[in-house]
Each structure stands twice: as C-alpha cells, then as structure tokens.
1. Restricting to region 155-184, name every residue that is closer than 16 Å to Phe123 by Cα and touching a helix residue (DSSP H, G or I) at 6+ places or on another chain (Cβ under 6 Å).
2. Among residues belonging to region 58-75 that are under 32 Å from the mean Cα position of the chain (by Cα) and modelled with pLDDT of 85 or more, point out the one that is nearest to Leu99 (Cα to Cα).
3. Quick check on my filter: what residues within region 173-203 are closer than 21 Å to Ile134 by Cα and either of a type in the set (A, V, I, L, M, F, W, C) or not in a helix (DSSP H, G or I) (or both)?
4. If I ask for residues that are under 19 Å from Gly114 (Cα atoms) and among the hydroxyl-bearing types (Ser, Thr, Tyr), which ones from region 174-204 would you list?
5. Mind checking which pairs have a first residue in region 45-57 that is under 19 Å from Val101 (Cα atoms) and touching a residue at least 40 places away in the same chain (Cβ under 8 Å) and a second that is of a type in the set (Phe, Trp, Tyr) and in a helix (DSSP H, G or I), Cβ under 7 Å, 6 or more apart or different chains?
6. Any chance region 67-87 includes a residue that's part of a helix (DSSP H, G or I) and under 18 Å from Cys50 (Cα atoms)?
7. As an exercise: evaluate Ile150 against (1) buried (at least 16 other Cβ atoms within 10 Å of the Cβ); (2) in contact with a strand residue (DSSP E or B) (Cβ under 7 Å, 6 or more places away or on another chain) and give the number of the one condition it does not meet.
Amino acid sequence: MELDNGIDMSTVKIKKRSQFANAWRQFKKNKMGMIGLTVFTVLVLLAVLCPMFISYDYDVIMQHNQIRLQTPSVMHIFGTDQYGRDVFSRIVWGARISLFVGVFTVSLALTVGGTIGALAGYFGGKWDNILMRIMDVFLAMPGTILAVAIVGALGPGLFNILLAMAMCRIPQFARIVRSSVLSIRGLEYIEAAKACGTKTPRIL
C-alpha cells in the first residue's frame, strides 16, 4: 500500500508503546502522584545511601551526654535525644528497616494473595469456595491479634514478624484480585486466548 507521497506503508514500522510506558504517561499527568513519587524516591535514596555519610556506631547508637536534648541546628537537623544521639541519623537508619519490612510484606502478600485470588476467580466452583472460605477465616480475626498469634506460634525473630504481617494482608489481596478476575474472565479476549491454545498460566 502506497500513500500519495509514494511511501510504501509495508516498510513503515509503527512503534507501539508498552503497557509500562502508557501507565507512566498517565501517571505523569497526576501532580500529586509525582510529588509523592519524588518524596518516596528521596526517602529511599536516603535510606539506601545513608551508610556513606552517617556512621551507625558514632551517630546512631553512641551516647553523647554533652550535647543531649539539643534543639535543631545545622549540625543536628532534628536535634538530639536524651542521650545526645542525633535524631535525624536515627530516623534515616530506622527507615532502612521500615522500607525493607514494607516492601517484603507487601510483595509476599501480593504474590500469595494475588495467586490465590486469581486461581479462585478463574476456575470458580469448589476451588473458589475452598480458597475463599479459608480467606474468610483469616479476615474474621483482627489483623493485630492474628499477627501476634502467628509470631507466638513461630517464635520471635524479624523473619517471623514479616511472615505474620504478610499473612494478615494476604486475604485482602486475594479478595481484590478475585473480584477483578471474575469481572473479566468471560470477556472476548479471554475466550480468544483460550481458542488460540494459550496456556492457563499465561492467561492468568
């Protein structure tokens, strides 16, 4: 096919945007979202790079009684605590643990809960009933009490705490993903994928 200017359309390659590129293009239009992303990026960079400019032994845990309870200043942005430790340094080092806990917990809950919800919504029937009744049991218990019970059963430790926090969030992700799968599993492009012989894991 040729246009009036003589260009052969069969040789023209049309560059398609990826789903990530389309999502990023839409996200950039949200000013509050970009502000939040900027703040989050700064916090992550501070947490990751803080060992380069903050000494854990000297600034975070060592006591300096001669400068205890100082007000914010150039040397101590957030001041010092009752033991003379720099508050800003302690917050930044604490952010390292907080970020790790948040990312690990949500990632594990999303992976497990999303898988359960997708399987329940896609296959339906008895699998849906079994999986969702199990999720209902977890949802029936308050998250804090459930987490304490899990930690009590598994024992103390950071990994057990992360596992307990993730398990408390799994039912929520499972419910959300299941409802999304139920709303689209009967659409035409899903049926077309099945007709083309697409395997179930790829469809999911």
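The values are calculated or read from the model by the stated rules, or taken from the named source; none is laboratory data. In this text, all values refer to a predicted model and were calculated from it rather than measured experimentally. As a convention, Cβ positions derive from the backbone with ideal geometry for all residues, glycine included, and neighbour counts pool all protein chains shown.
1. Ala174, Val177, Arg178, Val181, Leu182
2. Val60
3. If the condition is that a residue be closer than 21 Å to Ile134 by Cα and either of a type in the set (A, V, I, L, M, F, W, C) or not in a helix (DSSP H, G or I) (or both), then Phe173, Ala174, Ile176, Val177, Val181, Leu182 are the ones that fit.
4. Scanning region 174-204 gives Ser179, Ser180, Ser183, Thr200.
5. Every condition considered, the pairs that remain are Cys50/Trp93.
6. Yes - at least one qualifying residue is present in region 67-87.
7. Evaluating Ile150 over (1) buried (at least 16 other Cβ atoms within 10 Å of the Cβ); (2) in contact with a strand residue (DSSP E or B) (Cβ under 7 Å, 6 or more places away or on another chain) leaves (2) as the failure.
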